Structures are given as C-alpha cells and as structure tokens.
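A.B. asks: Before I ask anything, let me first share the structure, which is written out below as structure tokens.
We did not get these values from a lab; they are worked out from the coordinates using the rules stated. Remember, predicted model here, so these are calculated numbers, not experimental data. Quick reminder, even Gly has a Cβ in these numbers, built from the backbone with ideal geometry, and neighbours come from all protein chains shown.
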Ligand SMILES: C[S@@+](CC[C@H](N)C(=O)[O-])C[C@H]1O[C@@H](n2cnc3c(N)ncnc32)[C@H](O)[C@@H]1O
C-alpha cells in the first residue's frame with residue numbers, strides 16, 4: 001500500500017500468514033472445487049476475475065490452469081500475497097496483485113467476476129458492509145457477477161479470533177441490495193484441517 005501505515009486488520013492477517021502454514025489454517029482447501037464449479041458454469045475463461053481477500057488460496061493457480069488470462073488477486077495482507085507470488089513463480093507475471101483493504105479501496109477498473117470466499121463475513125459493522133457492497137457495485141461490470149461464499153446461519157460465530165456475520169442466501173442478497181439480483185445459491189460444508197465442519201452459504205449475485 002505504498003508506504004501507508006499498516007492497519008490492525010493488515011497486521012492481524014500478516015501475523016496469521018507469517019506464523020502458520022497455509023495448510024494449517026481453518027479455511028484451507030486443497031481444491032477450490034465449489035468456486036471453480038460456479039465460475040465454469042457462469043462465465044467463459046475470457047472473463048476477467050478478481051478474487052477479493054484471496055489470501056494464499058490456490059484458486060488463482062486453478063484459474064490460470066483453466067486458461068483465464070485476466071486474473072487479479074486482492075488482499076489486505078502482503079504476507080499472503082507473497083505466498084501466492086512465490087508459489088506461482090514465473091506465472092505470477094500473468095496475475096495482477098493488489099494489496100488493499102477492500103473497505104477503503106477504490107477499484108481502478110471493472111471485472112466480470114468478483115469472487116469472495118470467507119471475507120465478507122468478517123465485516124460485522126454495517127458501515128463496512130455497505131462500503132464493501134458499494135465497491136463491489138463499482139468494480140463489477142454491468143451483467144457481471146459476485147460469487148460470495150460466507151458462513152451460513154449455522155456456521156461459526158468467529159474465525160481466526162475475529163467475530164463473523166452469518167448469512168443465508170436471502171439475507172446476503174438483501175445486504176447487497178437492489179443493484180444485484182440473487183441468481184443462484186448453494187450450501188457447502190467445509191471441513192477444516194482439524195476436522196471441524198463449517199457451513200457456508202454460496203450466492204451468485206448478478207450485477208444489474
Ligand atoms: C479466511 S481467509 C480466506 C482466504 C481465501 N479467500 C481462501 O478462501 O482461502 C480471509 C482473507 O481475507 C483477507 N481480508 C480480511 N479482511 C480484509 C479486508 N478488509 N480487505 C481485504 N482483505 C481482507 C485476509 O487477509 C485473508 O486472506
């Protein structure tokens with residue numbers, strides 16, 4: 001973030017990624033299967049994708065494997081982005097990296113797909129939620145989609161020591177407001193590396 005002071009949010013997540021193996025964190029998944037299933041049903045590989053709060057997720061690797069040419073990863077943690085850069089090695093040159101807090105970020109362009117797995121649910125302040133939705137509305141091209149995976153009503157009340165908000169698809173759609181139309185939803189039960197089950201709601205929200 002070009003010399004900007006680190007926020008407590010950035011410090012929190014940097015510490016997580018600096019001190020834990022990525023395969024140990026609760027949200028680790030070896031295969032981003034639900035994300036890829038939704039994306040491949042929704043859009044061709046010529047579509048642009050931004051993974052918001054991408055962390056060290058392997059989704060970007062799988063998108064490149066699938067032929068997606070316009071992929072952006074955004075995260076508040078430069079430690080997380082460094083993990084992805086190192087893992088991708090020379091393939092990192094094909095990816096745009098953005099170190100930013102989604103709550104204060106001004107998108108410089110638009111994408112066809114906004115993907116978020118396990119980030120929006122950390123926004124428990126309604127003002128932060130509203131800022132996120134406004135930013136998503138600006139960043140997603142008309143007719144594009146937000147693919148959001150967040151904790152379900154019976155999902156965890158906190159993650160990584162932080163409180164979380166929990167949603168069913170209708171509540172998520174309501175939070176996203178009139179600029180989006182709920183097109184599809186599904187439930188996923190994620191199993192953490194420790195064997196705990198976490199219920200997720202996935203929603204495809206079409207930008208009007
Ligand atoms: C639970 S992890 C999920 C990571 C990734 N989406 C995945 O599925 O593996 C949450 C991620 O959101 C990032 N994050 C949290 N708050 C953020 C914010 N306000 N702006 C941008 N990224 C944020 C964290 O750094 C972390 O990488």
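A.B. asks: Can you tell me what share of the DSSP beta bridges in the chain is antiparallel? A percent to the nearest 5 is fine. Walk me through the numbers on the way to the answer.
C.D. replies: On the way: 20 of 39 bridges.
Among the beta bridges of the chain, antiparallel pairing accounts for roughly 50 percent.
A.B. asks: How far apart, in nm, are two points set 7 Å out from the Cα along the Cα-to-Cβ line at residue 171 and at residue 21?
C.D. replies: Rounded to a tenth, the inter-label distance reads 3.5 nm.
A.B. asks: Sticking with this structure for a sec: Order these peptides, 152-159, 140-147, 192-199, by their mean beta-carbon neighbour count within 10 angstrom, highest first.
C.D. replies: Working: 152-159: 15.1, 140-147: 19.0, 192-199: 12.2.
In decreasing order of mean packing, 152-159, 140-147, 192-199 become 140-147, 152-159, 192-199.
A.B. asks: Between segment 164-186 and segment 22-85, what is the C-alpha centre distance in whole Å?
C.D. replies: One Cα centre to the other: 21 Å.
A.B. asks: Checking the a/c ratio against 1.5 first, then a/b against b/c, what shape does the Cα gyration tensor give for segment 1-57? Each step should come with its number before you reach the end.
C.D. replies: Details: a/c = 3.85, a/b = 1.57, b/c = 2.45.
Taking the square roots of the gyration eigenvalues as a ≥ b ≥ c, segment 1-57 is oblate.
A.B. asks: Further, regarding this structure: Label segment 8-207 by shape, choosing from rounded, prolate and oblate, from the square roots a ≥ b ≥ c of the eigenvalues of the Cα gyration tensor; if a/c is under 1.5 it is rounded, and otherwise prolate applies when a/b is larger than b/c, oblate when it is not.
C.D. replies: Values: a/c = 1.28, a/b = 1.04, b/c = 1.23.
Rounded is the answer for segment 8-207, as its axis ratio a/c remains below 1.5.
A.B. asks: At a 10 Å Cβ-Cβ cut-off, how would you order 202, 114, fewest neighbours first? Numbers along the way, then the final one.
C.D. replies: Working: 202 21, 114 27.
By the 10 Å Cβ count, ascending: 202, 114.
A.B. asks: Same structure again: Please work out the FRET efficiency for the pair residue 7 and residue 178, using the Cβ-Cβ distance as r and a Förster radius of 35 Å; give the result to the nearest 0.05.
C.D. replies: 0.70
A.B. asks: Rank by packing, highest mean first: peptides 23-33, 92-102, with packing defined as the count of other Cβ atoms within 10 Å averaged across residues. Walk me through the intermediate numbers first.
C.D. replies: Working: 23-33: 14.4, 92-102: 16.6.
Peptide ranking by packing, descending: 92-102, 23-33.
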